[in-house]
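Asks: Sharing a structure below in structure tokens format, with a few things to ask.
The values are calculated or read from the model by the stated rules, or taken from the named source; none is laboratory data. For clarity, every value in this text was computed on a predicted model and none was experimentally measured. Using ideal geometry, Cβ is built from the backbone for each residue, glycine included, and neighbour counts are taken over all protein chains shown.
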Amino acid sequence: MKLSKNDDIKLNIDALTSEGSGIGRFDGFAVFVRGVVPGDEIVAHIIKCSKNYAIGIVKDIIKPSKFRVESDCPVSSKCGGCSFRNVSYEEELRYKKDRVQDALERIGKLDVKVEEILGADNCSHYRNKAQYPVSICDGELFAGFYAYKSHRIICNDDCALQPKEFKDGLEAFKIWTEKADVTSYDENTGKGLLRHIYFRKGFATGDIMACAVINGNSIPESELLVSLLREKLAGLKSVVININRENSNVILGKECKTVWGDDYISDKLLGKTFVISPNSFYQVNHDQCEKLYTKAREYANLSKDETLLDLYCGVGTIGLTMAEDVKRLIGVEIISQAVENAKINAKLNNTDNAEFICADAPTAAKKLEKEGIKADVIILDPPRKGCDGSLFDTVCQMNPKRIVYVSCDSSTLARDLKILDEKGYKTKKVCAVDMFPRTPHVEAVALIE
Ligand code: SAH
């Protein structure tokens, strides 16, 4: 039988996509449904039907999966964030480990067993960063998160993944936008001022940064905003505006101006101190990040006479937590604020064997290789799209003993491990780390020799 739009069909959900949608088969034909759990038997209402797949919504759950749990978030069915809110944590971990394993086998064609996934002790309020899209209607500020694959804001100022203080920070912004007559940015017209409200918190220090992402150069009544934020947030250390006048989906613009306090906040990881600017990358889950870096350090297995090259180093966190194990550390990062942070971080931690280069990783690696620098161990921690293909020739020419690859996307990790495998660098160990509990994302770290 051929499926059509508006059909109601019985469906057994037997898998999840990497974005957290359930997959069921109707006469072999793939049907994707959000908000379901593998093992659910449902009635799906078909809302879209294309040549190769259909999309449905849940009309009825006939028999719930044994892995199904009650969602503890009032907006989880509408918000795009937590596709595992309805799934037991044990099953979520099993699924995430399997996903990394599956990518290694299917995409990487590798024969390596993923180690036991490092699960989180705490799945609530673990994020240290939130970027809320906003809309101001009749003077009232609405902040929340985008619904799945849309720019429709689902209001939520008390997200179960975010620290409690961010709700108080949003309250300060609400009063300010009303009193200062602030408008919100409209993507269609390109007009209006406030685009996003962005908070960051150092979990080990309690420091909080508040940032208004604006389509303009300044904000009205900034003293009022600062005093409201100071009143509500005991840990407030920095208030900044980020200027973004581009008509694009990228949240942050390049330029920041500090309105009050410091240009950055601090946090501690594995006993080291790190300053972090608004534009610098920093892992969102403090405790899981420490587990990830500890595993990366174990894989790196460094010794005092070695040179460590930390490519895509951000504010220098991975390298600097390992600097005392090596003779020399070189970090490479493309965002200048992050490199500035990394240099300060080296000083703050009394590390005198580290240098940081602001450059594109493949370009910098090639230059270092030409200069005759031999890296004994190379850390690769690229963004989700993985490494630029041109990097691997240089990496192999450098002839490192070990490569430790940290990745937030198991598909691009598997693709890159396959390239390294073909060049003679074999993947020896892989460990998955649940950096983002309740969401579909999973982190992994690999040892390549
Ligand atoms: N290792 C760091 C950062 C990892 S995130 C940590 O654990 O915190 C990936 C980093 O790669 C980001 O800081 C990003 O700014 C940087 N980056 C992205 N493209 C790059 C490129 N072409 N060259 C160098 N760094 C890049």
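Asks: Restricting the search to segment 230-268, which residues are out of contact with any Ser or Thr (no Cβ under 6 Å at 6 or more places or on another chain), crowded, with 17+ Cβ neighbours inside 10 Å and either within 25 Å of ASP287 (Cβ to Cβ) or of a type in the set (S, T, N, Q) (or both)?
Replies: Listed by number, the residues that qualify are LEU233, LEU236, LYS237, SER238, ASN242, ASN244.
Asks: Right, next: Give segment 20-58 a look and list any residue that's touching a residue at least 40 places away in the same chain (Cβ under 8 Å) and loosely packed, with under 14 Cβ neighbours inside 10 Å, or say none.
Replies: ILE47, LYS48
Asks: While we're looking at this one, here's another question. Give all pairs with beta carbons closer than 6 Å in which a residue from segment 341-370 that is more than 17 Å from PRO382 (Cα to Cα) and touching a residue at least 12 places away in the same chain (Cβ under 8 Å) meets a residue that is away from the ligand (no atom under 14 Å from the Cβ) and in a strand (DSSP E or B); count only pairs at least 6 apart in sequence or on separate chains.
Replies: Taking only residues 6 or more apart or on different chains, the pairs are LEU348/THR273; ASN353/ARG328.
Asks: For segment 65-109, how many residues are touching a helix residue (DSSP H, G or I) at 6+ places or on another chain (Cβ under 8 Å) and closer than 13 Å to SER21 by Cα?
Replies: 2
Asks: From the list GLY386, GLY319, GLY372, GLY331, exactly one residue is small (Gly, Ala, Ser) and touching a Ser or Thr at 6+ places or on another chain (Cβ under 6 Å). Which is it?
Replies: Exactly one of GLY386, GLY319, GLY372, GLY331 is small (Gly, Ala, Ser) and touching a Ser or Thr at 6+ places or on another chain (Cβ under 6 Å), namely GLY386.
Asks: Given the conditions (1) crowded, with 20+ Cβ neighbours inside 10 Å; (2) away from the ligand (no atom under 16 Å from the Cβ); (3) assigned to a loop (DSSP other than H, G, I, E, B), and given that LEU420 satisfies all but one, which numbered condition is not satisfied?
Replies: (3)
Asks: OK, next. Could you tell me whether any residue of segment 430-437 is under 15 Å from the mean Cα position of the chain (by Cα), closer than 21 Å to ARG106 by Cβ and within 14 Å of the ligand (Cβ to nearest atom)?
Replies: Checking segment 430-437: at least one residue is under 15 Å from the mean Cα position of the chain (by Cα), closer than 21 Å to ARG106 by Cβ and within 14 Å of the ligand (Cβ to nearest atom).
Asks: Please name all residue pairs, on different chains or six or more residues apart, with Cβ atoms under 9 Å, provided the first residue is in segment 271-282 and is more than 17 Å from ILE334 (Cα to Cα) and within 12 Å of the ligand (Cβ to nearest atom) and the second residue is at pLDDT 95 or above and among the small types (Gly, Ala, Ser).
Replies: Sorted first by the residue in segment 271-282, then by its partner, the pairs are PHE274/GLY202; PHE274/SER266; PHE274/GLY316; PHE274/ALA342.
Asks: Among the residues of segment 8-19, count how many are buried (at least 16 other Cβ atoms within 10 Å of the Cβ), out of contact with any Asp or Glu (no Cβ under 6 Å at 6 or more places or on another chain) and more than 18 Å from THR439 (Cα to Cα).
Replies: Going through segment 8-19 one residue at a time, the tally reaches 2.
Asks: Just one of ASN399, ASN350 is under 22 Å from ILE265 (Cα atoms) and either surrounded by fewer than 18 Cβ atoms within 10 Å (Cβ to Cβ) or of a type in the set (Asp, Glu) (or both); which is it?
Replies: The conditions single out ASN350.
Asks: Looking for something within 26 Å of ASP263 (Cα to Cα), among the β-branched types (Val, Ile, Thr), touching a residue at least 24 places away in the same chain (Cβ under 8 Å) and out of contact with any strand residue (DSSP E or B) (no Cβ under 7 Å at 6 or more places or on another chain) - is there at least one such residue anywhere in segment 323-332?
Replies: Within segment 323-332 (the criterion being within 26 Å of ASP263 (Cα to Cα), among the β-branched types (Val, Ile, Thr), touching a residue at least 24 places away in the same chain (Cβ under 8 Å) and out of contact with any strand residue (DSSP E or B) (no Cβ under 7 Å at 6 or more places or on another chain)), the answer is no, since none of the residues qualifies.
Asks: Quickly run through segment 368-421 and pick out the residues that are within 18 Å of the chain's Cα centre (by Cα) and of a type in the set (D, E, K, R).
Replies: If the condition is that a residue be within 18 Å of the chain's Cα centre (by Cα) and of a type in the set (D, E, K, R), then ASP381, ARG384, LYS385, ASP409 are the ones that fit.
Asks: While we're on this one: Could you please find all residues in segment 381-400 being in a loop (DSSP other than H, G, I, E, B) and away from the ligand (no atom under 13 Å from the Cβ)?
Replies: MET398, ASN399, PRO400
Asks: Exactly one condition in (1) crowded, with 22+ Cβ neighbours inside 10 Å; (2) of a type in the set (Ser, Thr, Tyr); (3) within 12 Å of the ligand (Cβ to nearest atom) is false for SER410; which is it?
Replies: (3)
Asks: Would you mention how many residues in segment 273-300 are of a type outside the set (Asp, Glu), within 16 Å of the chain's Cα centre (by Cα) and within 30 Å of ALA212 (Cβ to Cβ)?
Replies: Adding up the residues that qualify gives 12.
Asks: Might you check whether a residue that is buried (at least 18 other Cβ atoms within 10 Å of the Cβ) and assigned to a loop (DSSP other than H, G, I, E, B) occurs anywhere in segment 134-152?
Replies: So far as segment 134-152 goes, no, none of its residues is buried (at least 18 other Cβ atoms within 10 Å of the Cβ) and assigned to a loop (DSSP other than H, G, I, E, B).
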